[in-house]
Amino acid sequence: MTERAEAVVVGLGAAGGIIAQQLTAVGVRVLAFDKGPMHTPEEFRFKHDEVRYYSRGMLVPQLSTDPVTWRPDEITRSRLLPWATGVLGNSEPLHLPPSIGPGGGTLHWGGASWRHRQSDFTMKSLIVERFGADALPADSTMVDWPLGYSDLEPYYDKVEWELGVSGVAGNVGGTRSPEGNPVEEPRQRGYPMPALRRAAADDRFREACRRLGYQAFQQPAAIASVPYKSLSPCVSCGFCHGYLCHVDAKQSSRVTSVAAAMATGNLDVRTSSRVFRVNRDETGTRVKGVSYFDAEGQAHDVDADLVVLGCYALENSRLLLASDINANGEVGQHFMTHSFGWCNAVMPEYTNPFMASLVAASVVDELNGELVPDNNEGVMWGSVITSIPGDVQPIEAAHNLPPDLPQWGKVFKDWFAENYRRLFGIHNQIPSFPSRRYYVDLDPDVRDSFGQPALRITHDWAQHDVAALRYFEKLKRSICDEMGALQFWTEPLPPPYHLSTHEVGTHRMGENPSTSVVDVFGESHECPGLYVLGGGQFPTLSGYNPTETIQALAYLAADHMVEKA
Amino acid sequence: MSVTEPAATACDIAAVERPSPSQVDGWAFLSPEEARTIEALAERIMPGEPGSPGARDAKVVRYIDGALNEASQDLQTSYRSGIDDLNSRCLSEQGQVFAELGEALQDQILRDLGGTASSSVPGADPKVGHSLRTFFAIVREHTLQGMFCDPEYGGNYELAGWRLVGFPGAQWGYGPDHIREGFDSMLIPFKTLADLRREHPLTESPQAGEGS
């Protein structure tokens, strides 16, 4: 007798957690699967371990058990992510798929929490209007979103007030606040929590921006600054991005929506369980349930009329492909990600970059998106410029040293001893453009230990990425100069990585079932009853971190599910 | 934590295994000779001098030995053959194994490897196999980890690595008095995971107050 569930949720991250909470709140019994373990109170409390979480990436899926391959183009043979297979195996957990276990990516995320602006929903139209129909490459697959800011505004509000976001509003109902974002879209009310304390040198960044004519403001953060619902205030421990939170300040679905769902008694969570197939009924037109491997590796089926995939754009896409739910060929297409243009500098005073969280930072938003000024460099869409004042531990810092510095010996050691405490950084988030050339599919050769096909990423940085990186590098350099930087260096341009934890597009939303995978509510066109949620829903990528929009879309999807039930 | 669930499955118990007390005096994986070689190699990567601790002071080799016995078991062969290759090279060029050579000669050997860069680096000996260069890169990465790990991993002995760079370690949090430009972090009592476990045991509520 096959097990039956009222609703199945796969992945309890940003989106899955919200669905679990919304469904259980109205009495639906939800069976949730997560590939990772239920992290223990001990792991949360004593998380200050750079070797465990940075060097060994113990929160993220290891390539040895969850292989992902990459190639720059269709001619080159794919291989296991080369930027993440360092000499010791996994390296740079930021540039791997996000953490697993209930909480998902929100277990370890920095917590930058942004709304799109209206322009982010009409990127295609705005670019064509400003630069002409021929501005985008012939193989561009860029389209506008089928919804806009006013559709999502109530859901953004819900994310910020239900789950908790701290910050300073820039535009409440049309009234501008000089402390907030000067280009913010109007919002019905401000943030429920005041801004976080920023690390030491961030005021120097703000002053430099001001002198250069930019208004830097507090980055909105999914981190509590005061007690708020299930969250406790941040203590600025400096082990933030990439780490669990030891005081429940970080707005992780684990301590917000998943905890609330569990409290109803309607949520059954199966951890270390990997769903490997979504099943359809005999007619092939409706979802029937899922098949999964339990913690011992035994395969089971579960039947359900409602299945929600929330295991990240990449894994969602891999599952759909492995389940052969891709009649129109759109699954896996339109792969987009961010390049960051990480840059670092040495400041004249101690910056103490190991205090405070990464996202307690300042942002210049006036050159983002369509606001990027006219230029001769081919930049058609801009980016945020965000400070990195804190959250830098020694081993990670040692991975981001000036390229001309000797890599070992006395000069290396003395430089690091002298300058670790003076480090400061700035980054962008340059969105890549969707194209027929860049997509994900199933690797024909590589399989995981369960015999499941690995995801293969076909992506390379394109002309616009390079142009935008170059354009913004000059700006970051000038800000650092204005700050009094003694040294300045950047990561390679373009960068060696092709994952940023901000992958989107690969199961995009649309009103036309032949050119999209899901509708505006995240429901599969091809397989009713199946919802595919997350960044994969995005038709385009903005200069902002995607999570708050993912969460807003999940609340929208949940409303729709509950209505239909 | 508001959510409690027993960590019941084999996958859940992915805890780090720390060297047991019985392994403190002996070596978990390396032979004493191999340990001598690695200690000398790590010391060239992070050389110590009076007032400025290096890899030997931080007992980086203890970290590496522990790592090879747990998280980096897949590198055991790389280490064995890397040490052999390095010593063969030293014997044929200088008549002694690496650990017996003076520091200047050791540095010269490592410079001839081209450090951790590719063979296109000026000065790199093109006859040096890729594997020896990779071995050096592995040891370099392990040395960074062994310098700056929490001391319960065996390295960063007496917080030598953290004191070198001014990183106060596993702090519960920082307060407004600390989070100031120019503040000297050496004024804060440095903390380890063991300190955190002792000072903030799980029996107390999450909000134990700000600062160290």
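The values are calculated or read from the model by the stated rules, or taken from the named source; none is laboratory data. Computed from a predicted structure; not experimentally measured. Glycine gets a Cβ as well: all are built from the backbone with ideal geometry, and neighbour counts include every protein chain shown. With ligands, DNA and RNA removed, areas are computed over all heavy atoms of the protein, side chains included. Shrake-Rupley method; radii C 1.70, N 1.55, O 1.52, S 1.80 Å.
I'd like to verify a number: residues in the stretch A:325-373 that are open to solvent by 20 Å² or more (accessible area, probe 1.4 Å) and closer than 29 Å to A:ASP519 by Cβ, how many?
Within the stretch A:325-373, the first condition is being open to solvent by 20 Å² or more (accessible area, probe 1.4 Å), and the residues that meet it are A:326-329, A:333, A:342, A:344, A:348-350, A:358, A:366, A:370-371, A:373.
From what is left, the residues that are closer than 29 Å to A:ASP519 by Cβ are A:326-329, A:333, A:370.
The number of residues fulfilling the criteria is 6.
Residue-wise test of (1) within 12 Å of another protein chain (Cβ to nearest Cβ); (2) in a strand (DSSP E or B); (3) of a type outside the set (Lys, Arg).
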site: A:ALA261; (1), (2), (3): yes, no, yes
site: A:THR285; (1), (2), (3): no, no, yes
site: A:LYS288; (1), (2), (3): no, yes, no
site: A:ALA295; (1), (2), (3): yes, no, yes
Exercise for the section: Please tell me if A:THR540 is polar (S, T, N, Q), open to solvent by 10 Å² or more (accessible area, probe 1.4 Å) and in a loop (DSSP other than H, G, I, E, B). Expected result: no
Practice task
Considering each residue of the stretch A:1-34, count those that are at pLDDT below 95 and in contact with a strand residue (DSSP E or B) (Cβ under 9 Å, 6 or more places away or on another chain), and give that number.
Solution key: 1
Problem - Qualifying residue in the stretch A:265-274 (condition: facing another protein chain (nearest Cβ under 10 Å), small (Gly, Ala, Ser) and in a loop (DSSP other than H, G, I, E, B)) - result: yes
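How many residues are over 20 Å from the mean Cα position of the chain (by Cα) and either under 18 Å from A:THR337 (Cβ atoms) or open to solvent by 10 Å² or more (accessible area, probe 1.4 Å) (or both) when one looks only at the stretch A:543-560?
2
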Completion exercise
Of (1) touching a Phe, Trp or Tyr at 6+ places or on another chain (Cβ under 6 Å); (2) assigned to a loop (DSSP other than H, G, I, E, B); (3) touching a residue at least 12 places away in the same chain (Cβ under 8 Å), A:GLU349 fails just (1)
Problem - Residue list for the stretch B:62-77, filter: open to solvent by 10 Å² or more (accessible area, probe 1.4 Å), over 14 Å from A:SER55 (Cβ atoms) and more than 9 Å from every other protein chain (Cβ to nearest Cβ) - result: B:ARG62, B:ASN69, B:GLN73, B:GLN76, B:THR77
Handout entry: Close pairs from the stretch B:150-174: first more than 7 Å from chain A (Cβ to nearest Cβ) and over 26 Å from A:LYS410 (Cβ atoms), partner assigned to a helix (DSSP H, G or I) and open to solvent by 10 Å² or more (accessible area, probe 1.4 Å), Cβ under 7 Å, at least 6 apart
Key = B:GLU152/B:ALA194
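Looking only at the stretch A:374-416, how many residues end up being within 11 Å of chain B (Cβ to nearest Cβ), open to solvent by 20 Å² or more (accessible area, probe 1.4 Å) and not in a helix (DSSP H, G or I)? Outline the logic, then answer.
Taking the stretch A:374-416 as the starting set, the residues that turn out to be within 11 Å of chain B (Cβ to nearest Cβ) are A:389-390, A:392-399, A:401, A:403, A:406-416.
Filter once more, keeping what is open to solvent by 20 Å² or more (accessible area, probe 1.4 Å): A:392, A:396, A:399, A:401, A:403, A:406-408, A:410-411, A:414-415.
Pick out the ones that are also not in a helix (DSSP H, G or I) and you get A:392, A:399, A:401, A:403, A:406-408.
The number of residues fulfilling the criteria is 7.
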Practice task
Only residues that are in contact (Cβ under 8 Å) with a residue 60 or more places away in the chain and either at positive phi or assigned to a loop (DSSP other than H, G, I, E, B) (or both): list them for the stretch A:231-246, please.
Solution key: A:CYS234, A:SER236, A:CYS237, A:GLY238, A:PHE239, A:CYS240, A:HIS241, A:GLY242, A:TYR243, A:LEU244, A:CYS245, A:HIS246
Problem - Residue tally, condition more than 7 Å from chain B (Cβ to nearest Cβ), β-branched (Val, Ile, Thr) and open to solvent by 10 Å² or more (accessible area, probe 1.4 Å), over the stretch A:18-53 - result: 2
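Considering only residues of the stretch A:87-138 that are among the basic types (Lys, Arg) and under 21 Å from A:GLN537 (Cα atoms), which is most open to solvent (accessible area, probe 1.4 Å)? Walk me through how you get there before you give the answer.
To start, the set of residues in the stretch A:87-138 that are among the basic types (Lys, Arg) comprises A:115, A:117, A:124, A:130.
Next, only the ones that are under 21 Å from A:GLN537 (Cα atoms) stay: A:115, A:117, A:124.
Details: A:ARG115: 22, A:ARG117: 16, A:LYS124: 68 Å².
Here the residue is A:LYS124.
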Exercise for the section: Please go through the stretch B:175-197 and pick out each residue that is facing another protein chain (nearest Cβ under 8 Å) and hydrophobic (A, V, I, L, M, F, W, C). Expected result: B:ILE179, B:PHE183, B:LEU193, B:LEU196
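Please determine whether any residue of the stretch A:148-164 is part of a loop (DSSP other than H, G, I, E, B) and of a type in the set (A, V, I, L, M, F, W, C).
Just the residues of the stretch A:148-164 that are part of a loop (DSSP other than H, G, I, E, B), to begin with: A:148.
Keeping just the survivors that are of a type in the set (A, V, I, L, M, F, W, C) gives none.
No, there is no match, as no residue in the stretch A:148-164 is part of a loop (DSSP other than H, G, I, E, B) and of a type in the set (A, V, I, L, M, F, W, C).
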Practice task
Could you list all residues from the stretch B:1-57 that are open to solvent by 70 Å² or more (accessible area, probe 1.4 Å) and at pLDDT 60 or above?
Solution key: B:TRP27, B:PRO32, B:GLU33, B:ARG36, B:GLU49, B:PRO50, B:GLY51, B:ARG56, B:ASP57
Exercise for the section: Count, please, the residues in the stretch A:230-260 that happen to be among the basic types (Lys, Arg) and open to solvent by 20 Å² or more (accessible area, probe 1.4 Å). Expected result: 0
Exercise for the section: Look at the stretch A:304-346 and say how many of its residues are in a helix (DSSP H, G or I) and either among the acidic types (Asp, Glu) or closer than 30 Å to A:GLY484 by Cβ (or both). Expected result: 1
Handout entry: Qualifying positions in the stretch A:307-324 - open to solvent by 10 Å² or more (accessible area, probe 1.4 Å) and within 14 Å of A:LEU12 (Cβ to Cβ)
Key = A:GLY310, A:CYS311, A:TYR312, A:GLU315
Problem - From A:ALA169, A:ALA133, residue being more than 19 Å from A:VAL226 (Cα to Cα), of a type in the set (A, V, I, L, M) and in a loop (DSSP other than H, G, I, E, B) - result: A:ALA133
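Considering only the stretch A:199-229, how many residues are open to solvent by 40 Å² or more (accessible area, probe 1.4 Å) and modelled with pLDDT under 95? Give the steps one after another, and end with the answer.
Looking only at the stretch A:199-229, we keep the residues that are open to solvent by 40 Å² or more (accessible area, probe 1.4 Å), and these are A:203-204, A:206-207, A:210-215, A:226-227, A:229.
Then drop every residue that is not modelled with pLDDT under 95, which leaves none.
So the count comes out to 0.
Going by what's in this entry, would A:ALA263 be described as surrounded by fewer than 24 Cβ atoms within 10 Å (Cβ to Cβ) and among the aliphatic types (A, V, I, L, M)?
Working: surrounded by fewer than 24 Cβ atoms within 10 Å (Cβ to Cβ): yes; among the aliphatic types (A, V, I, L, M): yes.
Answer is yes for this residue.
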Practice task
Restricting attention to the stretch A:54-94, report how many residues are more than 30 Å from B:TYR174 (Cβ to Cβ), of a type in the set (Ser, Thr, Tyr) and within 14 Å of chain B (Cβ to nearest Cβ).
Solution key: 3
Practice task
Please report, ordered by residue number, the strands (runs of 3 or more DSSP E) entirely within the stretch A:418-468 with at least 1 residues that are more than 30 Å from A:GLU349 (Cα to Cα), away from every other protein chain (no Cβ under 14 Å) and open to solvent by less than 10 Å² (accessible area, probe 1.4 Å).
Solution key: A:439-447, A:453-458
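Looking only at the stretch A:358-371, count how many residues are assigned to a loop (DSSP other than H, G, I, E, B) and within 13 Å of A:TYR214 (Cα to Cα). Steps first, answer last, please.
Step one: list which residues in the stretch A:358-371 are assigned to a loop (DSSP other than H, G, I, E, B), which gives A:358-361, A:365-368.
Within this subset, residues satisfying the condition of being within 13 Å of A:TYR214 (Cα to Cα) are A:365-368.
Residues that pass the stated criteria total 4.
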